[in-house]
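See below for the structure under consideration.
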Amino acid sequence: MQKNNENILRRGRLGSSTKKEVMNYMTSLSFDKEIFESDIFCDIAHTKMLMEQNIILEEDGIKIINELKKIYNNGMDCLNLDPSLDDIHMVIESELIKNLGEDVAGRMHTGRSRNDEVATDLRMALRDKILTILKLLINMQKNILNLAKEHKETLTIGYTHLQHAQPITFGHHLLSYASPMERDILRLIDTYKRVNICPLGSGAFATTGFNINRNATKELLGFDSVIENSMDGVASRDFILETMANLSILGTNLSKICEEMVLFSSCEFGTIDLANEYTSTSSIMPQKKNPDVAEIARAKLSTINGNLVTVLTILKALPNTYNRDLQEISPHLWDSVYTTIDTLKIIDGMISTIKVNADRMEELAEKNYSTATELADTLVRECNIPFRTAHGIVGEVVRLSIENNKNMNEVIRDVLDKFNLKLNDSKIEKALTPMENVKIRKVIGGPAPEEVERAINSYCSRIENYEKEVNEKIEKIEIIKNNLLNL
Ligand code: ARG
């Protein structure tokens, strides 16, 4: 039987020897708080299965499950978080043994290892977080779509190479945020399938000779299926890599939005104003309103890439099966997860509160010969000349305009005469009017208000489906958690 303060993990093989600084160095307890809840659920499900399979006595199982529920309700802080116990799995088992005695509680770990346990816990904790991130993404997507609807007729300039290119609308620009964000949503929904598979029952790596029922624990814990190979069950962390890679891609997409918030709110662009809450000022320059929030977000998102590279490097040359290196992945995973959650909330708030300077947008929309492409297209349509020819002619119009400091409509007549081309004034006028440029671009994905409206509706209906799918997953998990706590 356990003596007071005896180390249940080390007492046998290692004669309870510990060195404090080594134990502090090795423990995962500081980040095991992320899997505390999942670990209890995992313990409850495993114990229930052991009872049902007659591997342990029902009366022992019931005592263990009741004690686990108490530990769950009291929370992790009430436990003796002794680093010489390594981790949360041993802390919980030690607490059970302290309260129920080893003859009862010492039976819980039958047919199981911390290796399959931690792999199961991580998958359960991560699936919750993926669903949280998905909810935030869906929310932000809806806000962007609403804003796009408001601005489907707000004329502005579009850029290539950060140079004025062609007129668009701000609504169309906002859909360029919504489009990759939809793929971010789809990627995470897809990754969820590979996270939500159950390694429990893999044991240390070679399963167990006890007649355990892997399908029963898989069902109790709300997994979609079991991992078929027990070595893979304990050794693989590609579900984490995949999630972190998706977060890196999402972070890259979000970072680009931050960059544009910084640019567009500058005096040179001046197309948007950030709400005061999402800005800072200078300690010396009293006039300043700085886009610090977008800048901090842009920088924080970079740490997600660093974490991904760290985890790739930890994993890349590990031999089968479990190696303690795997423990060191966890803090990087959770850091990426929380950075994503916090940053998504902040960016959503920042975008939802921008003030759009429609006058400035309109002013820029007609600057710098932005309608030259449409003028060339008009020549193709009206004069039946090849596009390449029209491109050269309009290029000359632009060059003469710049040289003589004039608008295109002031020099175009001379150029058309030179090339013996006829085009009536109303056609020229239409080609040079930014909003007409936008309206005519009504092919799929184009900036024409009617096409932006169609696209918004189609994004909205798809987002409803994703939301339904995510809510169903959340409900299923809530049900299994409730069931486990009511066993
Ligand atoms: N704390 C460990 C981790 O996070 C749990 C598994 C420990 N297993 C072992 N064989 N030492 O990976």
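FYI, it's all coordinate maths here, none of it is from the lab. Fair warning: this is a prediction, and the values are worked out from it, not measured in the lab. As a convention, Cβ positions derive from the backbone with ideal geometry for all residues, glycine included, and neighbour counts pool all protein chains shown.
Mind jotting down the distance between the C-alpha centroids of the range 17-50 and the range 55-131, whole Å?
The range 55-131 and the range 17-50 have Cα centres separated by 8 Å.
Listed highest first by mean packing, meaning other Cβ atoms within 10 Å per residue, what order do 76-87, 266-277 come in?
Output ranking for 76-87, 266-277: 76-87, 266-277.
Which FRET efficiency, nearest 0.05, do residue 179 and residue 98 yield, Cβ-Cβ r, R0 56 Å?
Computed FRET efficiency for residue 179 and residue 98: 0.50.
Sum up the charges of everything whose Cβ sits under 12 Å from the Cβ of residue 24, counting Lys and Arg as +1 and Asp and Glu as -1, but leave residue 24 out.
Net of charged neighbours comes to -1.
Taking the Cα centre of the range 167-298 as the origin and placing charges on Cβ (Lys, Arg +1; Asp, Glu -1), which of 176, 207, 196 is farthest toward the positive end of the dipole?
Highest projection toward the positive end goes to 207.
Report the relative contact order of the chain, percent, no decimals, based on alpha-carbon pairs under 8 angstrom and at least 6 residues apart.
17
What is the magnitude of the charge dipole of the chain about its Cα centre, with +1 placed on the Cβ of each Lys and Arg, -1 on the Cβ of each Asp and Glu, and no other charges, expressed in debye to the nearest 20?
Once rounded to the nearest 20, the dipole reads 520 debye.
From the helices alone, meaning DSSP H stretches of at least four residues, give me the mean residue ellipticity at 222 nm for the chain, per-run term -39500 (n - 2.57), in deg cm²/dmol to the nearest 500.
Result for the chain: -21000 deg cm²/dmol, rounded to the nearest 500.
With θ set to phi - 60° and the Karplus curve 6.51 cos²θ - 1.76 cosθ + 1.60, what are the ³J(HN,Hα) couplings of the range 415-428 in order, to the nearest whole Hz, using x for Gly and Pro?
5, 4, 4, 4, 9, 6, 10, 10, 8, 6, 4, 5, 5, 5
Rounded if a/c is under 1.5, else prolate if a/b beats b/c, else oblate: with a ≥ b ≥ c from the C-alpha gyration tensor eigenvalues square-rooted, which is the range 1-134?
Oblate, since a/c reaches 1.5 and b/c is not below a/b.
Can you give me the long-range amide H partners of residue 280? Hydrogens built in the peptide plane at 1.01 Å from N, cutoff under 5 Å, separation of 5 or more residues or another chain.
290, 292, 293
Beta carbons within 10 angstrom, averaged per residue: use that to sort the peptides 200-207, 101-108, highest first.
Packing order, densest peptide first, comes out as 200-207, 101-108.
Could you rank the peptides 157-165, 306-314 by their average count of other C-beta atoms within 10 Å per residue, with the highest value first?
On the way: 157-165: 13.2, 306-314: 16.7.
Highest-to-lowest ranking by the protection proxy: 306-314, 157-165.
Among 416, 385, 369, which residue has its Cα furthest toward the positive end of the charge dipole of the range 364-455, with +1 on Lys/Arg Cβ and -1 on Asp/Glu Cβ?
About the Cα centre, the residue reaching furthest to the positive side is 385.
Excluding residue 467 itself, what net charge comes from residues whose Cβ is under 13 Å from its Cβ, given Lys and Arg +1 and Asp and Glu -1? Walk me through the numbers on the way to the answer.
Numbers: positive: 135, 142, 462, 468, 473; negative: 182, 464, 469, 472, 475.
In short, 0.
Using the Cα centre as the reference, give the magnitude of the dipole from point charges on the C-beta atoms of the range 246-401 (Lys, Arg: +1; Asp, Glu: -1; all else neutral), rounded to the nearest 20 debye.
On the way: 14 positive and 20 negative charges, 81 e Å.
Rounded to the nearest 20 debye, it is 400 debye.
Can you list residues whose amide H is under 5 Å from residue 226's amide H, if they're 5+ apart or on another chain and H is modeled 1.01 Å from N?
198
Compute, for the range 389-487, the length of the dipole vector about the Cα centre, with Cβ point charges of +1 (Lys, Arg) and -1 (Asp, Glu) only. Units Debye, rounded to 20. The partial results should precede the final answer.
Details: 16 positive and 17 negative charges, 41 e Å.
I would put it at about 200 debye.
Give a residue-ordered list of calculated ³J(HN,Hα) values for the range 359-364 (Karplus: 6.51 cos²θ - 1.76 cosθ + 1.60, θ = phi - 60°; whole Hz; x for Gly, Pro).
After applying 6.51 cos²θ - 1.76 cosθ + 1.60, I find 5, 5, 4, 5, 4, 6 Hz.
Please say if the range 301-387 is rounded, prolate or oblate, where rounded means a/c under 1.5 for a ≥ b ≥ c the square roots of the C-alpha gyration tensor eigenvalues, and otherwise the choice is prolate for a/b larger than b/c and oblate otherwise?
Oblate shape, in that a/c is at least 1.5 and b/c is the bigger or equal ratio.
Once amide H atoms are placed 1.01 Å from N in the peptide plane, what residues at a sequence separation of 5 or more from residue 169, or on another chain, have their amide H within under 5 Å of its amide H?
For residue 169, whose amide H was placed from the backbone, the distant partners under 5 Å are 156.
For the range 458-464, take each phi angle, set θ = phi - 60°, evaluate the Karplus expression 6.51 cos²θ - 1.76 cosθ + 1.60, and give the result in whole Hz per residue in order, putting x for glycine and proline.
Once rounded to whole Hz, the list reads 6, 4, 4, 5, 5, 5, 4.
Stretch residue 81-residue 405 to full length: gain in nm at 0.36 nm per residue minus the Cα-Cα span?
Numbers: separation 324, 0.36 × 324 = 116.64 nm, distance 7.64 nm.
Full-extension gain reported as 109.0 nm.
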